[in-house]
Every structure is written in structure tokens, then in C-alpha cells.
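The values are calculated or read from the model by the stated rules, or taken from the named source; none is laboratory data. Quick caveat, the model's predicted, so the values are computed rather than measured. Every residue, glycine as well, gets a Cβ built from its backbone with ideal geometry; the counts of neighbours run over all protein chains shown. Note: areas computed on protein heavy atoms with side chains; ligands, DNA, RNA excluded. Shrake-Rupley method; radii C 1.70, N 1.55, O 1.52, S 1.80 Å.
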Amino acid sequence: MNLSVNGVPHNIESAPLTSLLDVLREELQITSAKAGCEQGGCGACTVLIDGEPQRSCLTPVVAVEGAEITTVEGLGTPNDLAPVQQAFTHHYAAQCGFCTSGMMLAAHAYVEHGGTEDREAIQDALGGHVCRCTGYVKIIDAVAAVARGDSFDATLTAAGTRMTNLGGVA
Amino acid sequence: MAVHKGRGFAAIEYPTGMNQNGDPSQAWIKVKPDGRIDVFAGTSDIGNGSKTIQSQIVAETIGVPYEWITYDNSNTDSSPVCTGTFASRATFVAGKAAEKAALAVRARILEIAGKELEIDPADLEIVDGEVLAKGAPQKKISVSDVAAAATWTYGELITGTGAQLKPYASIVEPETGKVDLSPHSAISYASCAAEVEVDDETGIITVLRLWQCYDVGKSINPTLVEGQIEGGAMQGLGLGILENCYPYYPSVEHRGGEFGSYLTPGMEDMPQIDTIIIENPSADGPYGAKGIGEMANNAQPPAIASAVFDAVGVWVTELPITPERVLRALEANAEPRRIGKLVIFDEELSINTVGNGPVKLEVLV
């Protein structure tokens, strides 16, 4: 069967009921979608299927034949980050990074669908994604920034702009 | 039946760094011919930002821009020993090793610059990548030119190493176990205030707000420190009201067998989180820093417990403070209803989650 991932057509050889997650990670070596709980509970495997965030761990690949799949690699490139990727970097919205791909794709879809900077609306939209490191505060800050249309200097991160001047050697 | 609001407070102290009896960290630094700096260290960055923090420490200590630093912790063959990222030690212990290595590099840069400028190294300083004569900054040479001179003129590689190890304690009084050094190098202090709502019908606790006040010694990067404290706040919230591997320990029958049966706080459990960073410097950490990693989730559970007491007047003395435990505490606290000689404990509060439905207790006295 045929599958388009980030605009690139692929001929898939995995069995039809293989999960989309396994096809992405094992057959296509696209590992940004993470195998977290593999029960649909954590959100780390989220990809966009025709622009809608879906759990790839619960999706048999045969069910998405002909669909356009987007992973974070399809949002932007290191030299040309998508707004949501810039905002996550700028606001230090990732620590270990395991939830980040799913979070960014859900955030991207939220903003694409007209989502606002309202905190409760963001919590509602991203509520199915578990993050253990950040306490969600900076993730919500980042999504709100994208929804507002904030622009960032991609050469600077928030962590970089707030470095304490230690004063050097006494 | 009503929803009650309450506020509670807890304060903790926390020994940062596994700094008793060993646990070394090492770093080594080399200066490339263009003056750019390679730092090799074994500290794994698990998202806590130790690469950023240690790069900042090296840049500030040598006196070069942060962007000149490449931090390589990529493998255990090329990197020196660091026992790891645990016990809030990545900044406090490993950061100190990086600072010591940077001091050695700085000293060698000044010596070579002294030869090039024909000035005593003691009269030189390094500011933003340039070696300047103190009081006469027009006499200067860039760190890049010093590194080039080291490579092409003097035939040497500018390097520096540093290591941090708390000496092993020896017991000086076998009878008492008294040792000859203080047990910890740095004690951090923290407090948390919690505001909660408790529904006395369902026992459900909603955490509305957490104020976090944490002493980190020196906040080398406030954004990263906030990230640790905010993440700790949600972990502490989970430990306070949600998370339990063995809800009926020592019985293992109700142990979770899958991801979904372990209750981790989600985005919708988020209270408003206010973070305040306190700087109470340590004597042993780099630039006075202490650790922040592990202590960040310690103060919330007791703060929530005392807020629950403030709200509904019962102390729940086991964690997590589940709805069941709240209701059992309320029930134990409730005055029984009396009809003549019949005493009826509040049947609406009587629950039996592991049996066959609600229990109605009627006792004839």
C-alpha cells in the first residue's frame, strides 16, 4: 500500500494491521513519533493524519491508505522552523523531549484550527498529552505565543536570553 | 454537602548533591586553534539543562562568549567520569568540576597572553573573548590569537581538567559513629503554599494554586530553574493526591498493570503555579549554586495535606490523599446520628470501595 509522509510517497511493506506508529518507526525509520504507553493514553505517538492529530499507536496503517501523514519533521526544518517549533524552543517548553513531538503536532493543529491563547482552551485541546518534566506551564506559554502570532529570533532561546551574568572569576 | 476551600503551607530542607563519601565528577577542556572551546564531561542531560548550565559556567569562568562553547557528553570513551545526573548534583557537583577545569584553562590562556603582550599574567583579565591589561584595556590580544599562538608558535594545546569529589568521611568516634566532616555540602530550603477545594460529598480535591519558593543558591539560568520548579510542582501535586503504585499496600491486588491505571497529573489538573527563586549561596557549589532537581517535588504533598485540613478539618495522614481517604477521614471525624438508643454513622459517607457496595453501619448501644 501507499502512504505519504511529510509529502514523500512511500510503498509500505508492513502487514495491513501494523500500527501506523510501528510503520513510521520501524519501516520508515521516522522516530519522532514516540512509543509511550501504546494504549492511546499518553499522546507521545501523535501524528497529523490529513491535518488532524491522531494516536498513531492505535491506528492500523491500512486505515490511512492514501492519507497525508505529518510528523514534526514535516512542520519545519532546523533552518526554517515552524512557528510552533520556534515557540517551544523560545519558551523552553521541552525538557526530556519525549512528549514534545506529540505536543507540538497537537499545538500546531490547535492553532491551525483557529485556537486562541485562552489557557483553558489550550488545556482542553492538549489535555490528552502527558508531560512529566515541565509541569505544562511553559508548554501552555508556547502554545499561547503561537496563537497570538508572536515572532521570535530563532537564534535565541528563552533559556539563552535569561542567562545570569555570573561576573566571571573574582 | 458543600465544597470547602482551604490553604496550607509546608517548608522543607534538602541536602543537594550526593556529596557524602565519593561520587566524583570530572571535566576536561581543550581550546581549539581559533579560540573556540570544547568541553568534555560525562554529565548526561536528561532535560534538566545541565549542558546549558555547564557551558555557561565554562564561558563565564574563562571569559568568552557562550556561543564559543561546544559541550560534548556524547560517549563514555571520550568523556571523563561523572557518576551521573541524580541527587540534584549535575550543577552542584559536576558544574564545580567544569568550573575548576575552566579556571585551569583561563590560567594558561593568561600565561600565553602574558608572553605575547610582555605583561605579567597577574595584570591581565579576560573579558568577552579578549585578554586585556587591567587598567590599560587598549593593550589586548584576543583569546583566538592566544589559541593560535599556542598552536603555531609554542607548539602546545591549551587544556585544563577539573574534578569534584567530597572526601570520604572517616569515623573518629567508633562508639558514636561521629565522622570528621560535615555530612552535606549544601542544604537548600524551600516552601510551598497550596490552595485547594475539597468536595465533602465526593472527597475530590482540586488544587487551585501552588506558590513555590525554592532556594537554589545561585540561579545560573532562571528559565531552566523555573522549568525544574514548575515540573516539580506538578509531580508533587501528583504525589499529593493522585499517584500510587500500590493503593492497598501490602496487598498487591490493586496494583496498576498498565499506563492508564497510574494517575499522572495531566494538563487539566494544573493549578495556577507561582514560582519564586531564592538565592542563598552555598560555599561549595559553582558560583554559589545548589541543586534544584529532586527537591522540587517535596513540599507540595504536605502543603496540600494541611490545606485539606484547613478546608474540611481532617488530617489525612497517608499519601496520596485520594477521595476515599478524605471520605474515610471525614467519616471517622463525623458525629454519629442518634435516634434513642440507635446510633447511625453517616451512611452517605460510608463507603466500601473494595467490597460489595456501600456499608450501612447501625449500632445498638
Using Cα pairs closer than 8 Å and at least 6 residues apart in sequence, work out the relative contact order for chain B, in percent. 22
Specify the residue with the greatest mean-square fluctuation among B:Ser142, B:Ser25, B:Ser188, computed from a Gaussian network of chain B linking alpha-carbon atoms under 10 Å apart. B:Ser142
For the protein assembly as shown, just say rounded, prolate or oblate: build the C-alpha gyration tensor, square-root its eigenvalues into a ≥ b ≥ c, call rounded for a/c under 1.5, and beyond that prolate if a/b exceeds b/c, oblate if not. oblate
Which of the aspartates and glutamates could a cross-linker span from B:Lys96 if the Cα-Cα distance has to be under 14 Å and same-chain partners fewer than 8 positions apart are dropped? B:Asp23, B:Glu60, B:Asp284
Folded to 0 to 90 degrees: helix B:222-241 orientation relative to chain B principal axis, Cα: 20
Please check: in the Gaussian network model of chain B (C-alpha springs, under 10 Å), which one of B:Asn333, B:Asn244, B:Asn298 has the largest mean-square fluctuation. B:Asn333
Interface A:B - total buried accessible surface [probe 1.4 Å, Å², rounded to 100]: 3100
Can you list the HN-Hα couplings for the stretch B:162-169, worked out from phi with the Karplus curve (6.51, -1.76, 1.60; θ = phi - 60°), rounded to whole Hz and with x for Gly and Pro? x, 9, 10, 8, 6, x, 5, 7
Most to least accessible of B:Arg338, B:Arg89 (protein chains only, probe 1.4 Å): B:Arg338, B:Arg89
So how exposed is B:His4, as accessible area in Å² (1.4 Å probe, rounded to 10)? 60
Everything considered on the Cα gyration tensor (a ≥ b ≥ c; rounded for a/c under 1.5, else prolate if a/b is larger than b/c, else oblate), chain B must be described as prolate
Sequence of A:Met103, B:Met18 from largest to smallest accessible area, 1.4 Å probe: B:Met18, A:Met103
Kindly sort A:Val8, B:Val93 by accessible area of their heavy atoms, largest first, with the probe set to 1.4 Å. A:Val8, B:Val93
Here is the link list: A:Lys34/A:Lys138; B:Lys30/B:Lys134; B:Lys115/B:Lys166. Which ones come out longer than 31 Å on Cα distance? B:Lys115/B:Lys166
Using only the alpha-carbon atoms, how far is helix B:323-333 inclined from the longest principal axis of chain B? Give it as 0 to 90 degrees, nearest 10. 50
Looking at the protein assembly as shown only, what percent of DSSP beta bridges run antiparallel? Nearest 5 please. 85
Around B:Asp72 (Cβ within 12 Å, Cβ-to-Cβ, excluding B:Asp72; K/R +1, D/E -1) the net charge comes to -1
Per-residue accessible area for A:Cys96 at 1.4 Å probe radius, Å² rounded to 10? 80
Would you grab the residues whose amide H sits under 5 Å from the one on B:Arg209? Only those 5+ places off in sequence or on another chain, please, with H modelled 1.01 Å from N. B:Glu195, B:Gln272
Using a Gaussian network model on chain A with a 10 Å cutoff between Cα atoms, which of A:Phe88, A:Phe98, A:Phe152 fluctuates the most? A:Phe152
Mind pulling the angle between the C-alpha long axis of helix B:95-117 and the longest principal axis of chain B? Nearest 10 degrees, somewhere in 0 to 90. 20
Enter the accessible area of A:Cys45 (Å², nearest 10), with the probe set to 1.4 Å and all protein chains included. 10
